[in-house]
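The block underneath contains the structure these notes are about, expressed in structure tokens.
The values are calculated or read from the model by the stated rules, or taken from the named source; none is laboratory data. Being a predicted model, the structure only gives us computed values, none of them experimental. No Cβ is skipped: glycine too gets one built from the backbone with ideal geometry, and neighbour counts run over all protein chains shown.
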Amino acid sequence: MSDQSPVSSTQVVATDDVAEIAGTLTGGGLVALPTETVYGLAARAEDPDAVAAVFEAKGRPQDNPLIVHCSDAEQAFSLVTDIPDWAGRLAETFWPGPLTMVFHSAVEWPWVQAGHTTLAVRVPEPEYLRSVIRQAGPLAAPSANRSGAPSPTTPAHVLADLGGVIPMLVDGGPCDRGLESTVVDCTGIAPIVLRPGPVTTSDLVAALAGTAAGEHGRTGVGVSPGTRHQHYRPRARVMLVETLEGAELSGRTMVLGPAWGTEGIAFPDGVEVRTWTTVEEAARMLYAWLREADDLGLDRVIVVPPPEKGMGVAVMNRLRKAAAED
Ligand code: TXA
Ligand code: MG
């Protein structure tokens with residue numbers, strides 16, 4: 001049974017209300033909850049009606065499969081087949097944590113797989129969430145935004161998109177990482193990164209040293225089915241610039257950049273300036289800033305992006321989508 005009709009209000013609970021959260025999920029209800037990356041909109045993966053309600057609430061295209069969140073590697077690996085030894089190494093190194101691995105599926109959950117024969121699994125970091133999963137079973141959970149909006153990284157973001165539409169929200173404060181997990185295709189002889197994220201390519205290469213995939217050389221780069229769809233696009237126009245010198249800063253504008261890239265610049269009145277000192281901070285705050293630009297009714301977001309290495313690869317991937325350059 002699922003709870004597909006809009007609810008009059010969304011109940012807000014705390015991360016230690018594990019039994020209540022699990023109860024809503026086992027009753028077929030949807031729960032928005034914090035992971036270490038972004039807020040997810042969770043349903044029991046085995047419940048076709050509840051998972052259908054997730055697609056409905058988000059306005060998500062039917063051909064975009066969901067990630068199944070598991071309590072531990074054993075549970076995750078029980079749902080998939082043809083697991084290479086090197087994928088076991090990745091699980092040991094990065095789980096629990098922000099890595100999603102795609103394998104051939106051992107289960108038939110077409111409502112989760114959305115037309116694919118593979119299944120994406122991950123073990124999230126927060127302890128409360130793994131307790132919920134131990135009680136309620138594996139959870140299918142996309143990011144808890146309306147499809148096409150930036151992923152939510154605070155409870156307020158979730159309420160802005162889905163308040164009154166979903167029965168329950170778990171308030172765990174802002175998310176640690178702020179960008180979605182790294183998605184890696186593990187169906188070939190070496191991993192292929194389908195979506196860059198907090199686990200970087202050099203993290204993967206270091207973990208694979210000495211394995212068959214490590215011998216094979218570099219990990220490849222591919223694309224997730226979801227990357228075909230419009231993503232992460234605020235209403236404000238996002239523009240990437242190398243430097244602010246000479247940039248047109250008038251109008252209703254937000255400027256995002258490293259602290260050192262904005263020093264000594266005389267910003268006209270009304271320009272909103274947000275800066276970071278580390279790329280991790282840029283990742284953590286990016287979606288909140290893009291949402292803030294829209295809340296303030298700004299026309300443009302001008303970004304001096306971080307170098308495209310380490311976590312900067314994931315930040316640039318999201319920025320390019322926000323700027324609709326690809
Ligand atoms: O950090 C995250 O991954 C967050 C939190 C909530 O866990 N979840 C998330 O889910 O970002 P979503 O649905 O917004 O993005 C999932 C991505 C999409 O790009 C989707 O296409 C890809 O994972 N994906 C899911 N299943 C897949 C599969 N079987 N093969 C390839 N890509 C898959
Ligand atoms: Mg998403």
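Annotations
- Checking L298, L290, L319 one by one, the residue that is touching a residue at least 40 places away in the same chain (Cβ under 8 Å) and either in a loop (DSSP other than H, G, I, E, B) or small (G, A, S) (or both) is L298 and no other.
- The numbered conditions (1) under 21 Å from V51 (Cα atoms); (2) crowded, with 23+ Cβ neighbours inside 10 Å; (3) within 11 Å of ligand 1 (Cβ to nearest atom) are all true for A136 except (3).
- Restricting G88, G23 to those that are closer than 19 Å to V170 by Cβ, over 21 Å from the mean Cα position of the chain (by Cα) and away from ligand 1 (no atom under 11 Å from the Cβ) reduces the list to G23.
- Condition met for A213 (modelled with pLDDT of 90 or more and buried (at least 16 other Cβ atoms within 10 Å of the Cβ)): no
- Hey, P167 under 19 Å from E20 (Cα atoms) and touching a strand residue (DSSP E or B) at 6+ places or on another chain (Cβ under 7 Å) or not: yes
- For region 222-239, the count of residues that are over 30 Å from L41 (Cβ atoms), more than 15 Å from ligand 1 (Cβ to nearest atom) and part of a loop (DSSP other than H, G, I, E, B) is zero.
- Residues in region 110-122 that are assigned to a strand (DSSP E or B) and more than 16 Å from ligand 2 (Cβ to nearest atom) were compared, and the one that is surrounded by the fewest Cβ atoms within 10 Å (Cβ to Cβ) is T118.
- Among residues of region 7-34, those that are in a helix (DSSP H, G or I) and acidic (D, E), counted: 1
- Meets criteria (under 22 Å from V165 (Cα atoms) and either at pLDDT 95 or above or aliphatic (A, V, I, L, M) (or both)) for A141: yes
- Top-ranked residue in region 139-161 [being surrounded by fewer than 22 Cβ atoms within 10 Å (Cβ to Cβ) and within 16 Å of ligand 2 (Cβ to nearest atom); ranked as nearest to L33 (Cα to Cα)]: T154
- V223, sole failed condition from (1) of a type outside the set (D, E); (2) surrounded by fewer than 15 Cβ atoms within 10 Å (Cβ to Cβ); (3) modelled with pLDDT of 85 or more: (3)
- Taking the listed residues P98, P65, P48, P84, the one that is away from ligand 2 (no atom under 16 Å from the Cβ), crowded, with 16+ Cβ neighbours inside 10 Å and in contact (Cβ under 8 Å) with a residue 24 or more places away in the chain is P84, with no other qualifying.
- Residues that are in a loop (DSSP other than H, G, I, E, B) and at pLDDT 85 or above within region 246-262 comprise just one, R252.
- Residue pairs whose Cβ atoms lie under 9 Å apart, sitting 6 or more positions apart in sequence or on different chains, and linking a residue in region 254-269 that is farther than 23 Å from R291 by Cβ to a partner that is of a type in the set (V, I, T) and exposed (fewer than 13 other Cβ atoms within 10 Å of the Cβ), are W260/T277.
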